[in-house]
Amino acid sequence: MNKFIKKIVLFLAGLGMLNVLIYLSLYLYHNRMFFESDAIFAWGDSQMYEGMDLTGLSVALDKKVYSSAGYGAGVYDFLAFTERVPEASEVVVAVSKLMQIRRKENDYNRTGLSPKGLFALWQNNYSEREIFTIVKKNLKPAAYIRSHIKLTPYRDTMQSNLPIAHFQNYYQQIPSFLTDKQNIYLVGIKNLIDKKCKIIFLEFPYHPQLAEVENQSVILPKTENFKERIGSLFPEFQTDTILLATDKNIFKDFSHLNELGATLLAEKLGQRMKESKTTTLYIVRPGTK
Amino acid sequence: MLFNSLDFAIFLPVVFVIYWLLPAKEIKKQNLFLVLASYTFYGWWDWRFLSLIFFSTVVDYSIGVGLSKQNDPNIRKGLLWLSIGVNLGFLGFFKYYNFFLDNFITAFSFFGMTMDTRALSIILPVGISFYTFQTLSYTIDVYRRKLSPTRDFLAFSAFVCFFPQLVAGPIERATHLLPQFLTRRTFNYPQAVDGLRQILWGLFKKIVIADNAAIVANEIFNNSDSYSGSTLLIGAVFFTFQIYGDFSGYSDVAIGTSRLFGFDLKQNFAFPYFSRDVAEFWRRWHISLSTWFRDYVYIPLGGSRVGTWKKIRNTFVIFIVSGFWHGANWTFIIWGGLNAIYFLPLLLRNKNRVHTDTVAAGKYFPALRECFAMLSTFGLTVLAWIFFRAENLSHAVDYLKTLFSESLFTVPYFAGGKEAVTTLLFILLFLLIEWLGRTQKYAIERLPGAWNRPARWIFYYLVALSIYWFGGEQQTFIYFQF
């Protein structure tokens, strides 16, 4: 019996080590871009994924730009991202309002294992079951960062798979977890400050129809107040507006930019980033020429 | 509790250690602990149905004792029918009530009549078909005086609810398993190692082969109306491997787990996809169920030692009942009937026991004729599985219509095609290992045994790593629904 247990323990220990080795090798293979200190790293949810032309921004700044944005990315993904970016790097972070109000279980939560991140969730009222679910989702490494994103081609009008009622439903009442998510978000920003990163914040635009829903909702004051809380973390902080001035349609749907919008934004953001010395939150808005 | 879950990964070592810490002399304590562990295992799913298992245990134990005291043939027969009635009554109510009700309503409406009835929202207790058949075998064997009834209620309870095989078999005979609960069990190192090896192989079959094949099969079967015949053929082939990996994988884990506790369960699968005809296939597929039907239904009906018409009747009865055992759906009945049609020509020409040996025994490669025989049998099996997997009869018929249309000769295309290629490579590797180990109880029983220790450990590590890194999304075992 002892011999049997000893052998099992030995086998499992070896298996554990092999798994760690494979995990690390795959992680390094897929995410080697995180080790380039002279690059720009972008993070956000689908608004950033669809709304940022990485090549355009790279050309504008003459630097490599990598994105860790993804559909449904949530606060845990942000925490894991902040742990991975190199020290003193330049980071573009989307302040997504949909991410703040999206139900916890709908968050992507697949940016790898981060014990510190999980602990932050636990400190902010995530249940053990929710944390365990996140751990299960991250047992295998994947590519958490990419250098190219295929943008949604231009169309004369936006076409949404989701009806406006879907968003109205989201904006109907203040979700119970809103403050928790915002607090976790701030933990991530503090991580970046501790790493002496240069941070650029972006607020992506909504289509006017969705902006109208937001303006009438009880959530708006909470998300507006959150921007002030972000600003209070920095000795110098400013808010600026980027107007995507064109007569053409820049929206893919209610909340995402199309290729034209993403290209325009990259171009304008690149110019501003070259000039900017202070930590800035750029509020992106549609406009006409 | 699923074998491929974290819950079971914690449950098994805890139960294993406590079990062997109990003194081997005290069989009653070991049995009591196994009963408690088994009830916990089952109750993890739904504790309410534990009462059903307990009731079934009490009834069959009491009837067994009653049969031992009675010599009056009428009373003995009455007791036997009481056991059959109670066990099949439960099974019928939980599994078939709504099926019969639906069909009565349909039949009545055919004659222009209406029935004012309501379907009940009945949950099918997991494993009811398995433990019902197991306890029935006990009563029938006691009735036939093949087995002395036990007076040890604890041992009998452990026999009924033994957790490794409680929910999806193998369906053990009382003559084989019950005596093992009455004898002293001591830890046996080679047996435990063998058990672990079989568990590892079973998990590989389930998690790497079945769960990955399920992704492809589900995509194609669920959207069969939008795919070509060639794609549907791929869907049917992947389901063929899914169901084999799923069920034989479960059986391997069940048998391996039992060995960890010092029990020996019967082989349930013997490399059925290497069969050279359908008769051989049925000697190798779900052996514990096939032999149950053979011994308790087919032979009492006269088996094959009767006239031609009765042979035909008996064959249809056994295959259709076997199909119906799988589920209350016409698709299973047609699946059974189709297999009867495959089997009958062999039986009527007395060719049903031609292939009782292992194919290409002692050789690496089969002869061309054997290849053809295996491929033909495999093809027939794939077609039959379409009925087994389809949602209903019209789905199966539509599936077959598209499969045998001109589009069968087009290039297949479906979502997840790239992942399917990886799965296919694993299936080919799996088939190769199964082929090399086809003379054993399970494919890797002795295959790595001939190698030195480092080679063996590398092999085990490769299997374990592929389970972790290439495992498909966790799916419940198909046979849990039966």
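The values are calculated or read from the model by the stated rules, or taken from the named source; none is laboratory data. Keep in mind it's a predicted model, so treat the numbers as computed, not measured. Here Cβ is always computed from backbone atoms with ideal geometry, including for glycine, and neighbour counts include all displayed protein chains.
Computed values, structure above
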quantity	calculated
Test: residue in segment A:244-254 that is surrounded by fewer than 20 Cβ atoms within 10 Å (Cβ to Cβ) and in contact with a Phe, Trp or Tyr (Cβ under 7 Å, 6 or more places away or on another chain)	no
Residue that is surrounded by the most Cβ atoms within 10 Å (Cβ to Cβ), among those in segment B:431-458 that are of a type in the set (Phe, Trp, Tyr) and away from every other protein chain (no Cβ under 12 Å)	B:Tyr442
In segment A:1-47, the residues that are of a type in the set (A, V, I, L, M, F, W, C) and away from chain B (no Cβ under 13 Å)	A:Leu24, A:Leu28, A:Met33, A:Phe34, A:Phe35, A:Ala39, A:Ile40, A:Phe41, A:Ala42, A:Trp43
Selected residue [among the aliphatic types (A, V, I, L, M) and crowded, with 23+ Cβ neighbours inside 10 Å] from B:Ile234, B:Ile209	B:Ile209
Of all residues making up segment B:431-475, the number that are within 19 Å of B:Asn4 (Cα to Cα), polar (S, T, N, Q) and at pLDDT 90 or above	1
Scan of segment B:1-54 for residues that are surrounded by 12 or more Cβ atoms within 10 Å (Cβ to Cβ), among the small types (Gly, Ala, Ser) and away from chain A (no Cβ under 14 Å), ordered by number	B:Ala37, B:Ser38, B:Gly43
Residues being at pLDDT below 90 and closer than 27 Å to A:Gln100 by Cβ - total across segment A:26-50	2
Out of A:Asn215, A:Asn258, A:Asn183, sole residue that is more than 30 Å from A:Lys64 (Cβ to Cβ) and either touching a Ser or Thr at 6+ places or on another chain (Cβ under 6 Å) or at pLDDT 95 or above (or both)	A:Asn183
Positions within segment A:181-206 being closer than 14 Å to A:Ser89 by Cβ and in a strand (DSSP E or B), in sequence order	A:Lys198, A:Ile199, A:Ile200
Close pairs (8 angstrom Cβ cut-off, 6 or more residues apart or separate chains): away from chain B (no Cβ under 14 Å) and in contact (Cβ under 8 Å) with a residue 24 or more places away in the chain in segment A:140-153, among the basic types (Lys, Arg) and outside any loop (DSSP other than H, G, I, E, B) anywhere	A:Tyr144/A:Arg84; A:Ile145/A:Arg84
Test result for B:Leu428, more than 14 Å from every other protein chain (Cβ to nearest Cβ), in contact (Cβ under 8 Å) with a residue 24 or more places away in the chain and either in contact with a helix residue (DSSP H, G or I) (Cβ under 9 Å, 6 or more places away or on another chain) or more than 28 Å from B:Asp7 (Cα to Cα) (or both)	no
Flag for A:Arg129 being of a type outside the set (Val, Ile, Thr) and within 10 Å of A:Gly74 (Cα to Cα)	no
Some residue of segment B:386-406 being exposed (fewer than 14 other Cβ atoms within 10 Å of the Cβ) and within 14 Å of chain A (Cβ to nearest Cβ)	no
Given (1) within 27 Å of B:Glu26 (Cα to Cα); (2) more than 14 Å from chain A (Cβ to nearest Cβ); (3) touching a helix residue (DSSP H, G or I) at 6+ places or on another chain (Cβ under 7 Å), index of the condition B:Gly195 fails	(2)
Criterion violated by B:Thr57 - all others in (1) closer than 14 Å to B:Phe156 by Cβ; (2) surrounded by fewer than 17 Cβ atoms within 10 Å (Cβ to Cβ) satisfied	(2)
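One line per residue, one yes/no per condition, for (1) buried (at least 23 other Cβ atoms within 10 Å of the Cβ); (2) more than 30 Å from B:Phe54 (Cα to Cα):
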residue	(1), (2)
B:Phe162	yes, no
B:His176	no, no
B:Ile220	yes, yes
B:Phe247	yes, no
B:Asp252	yes, no
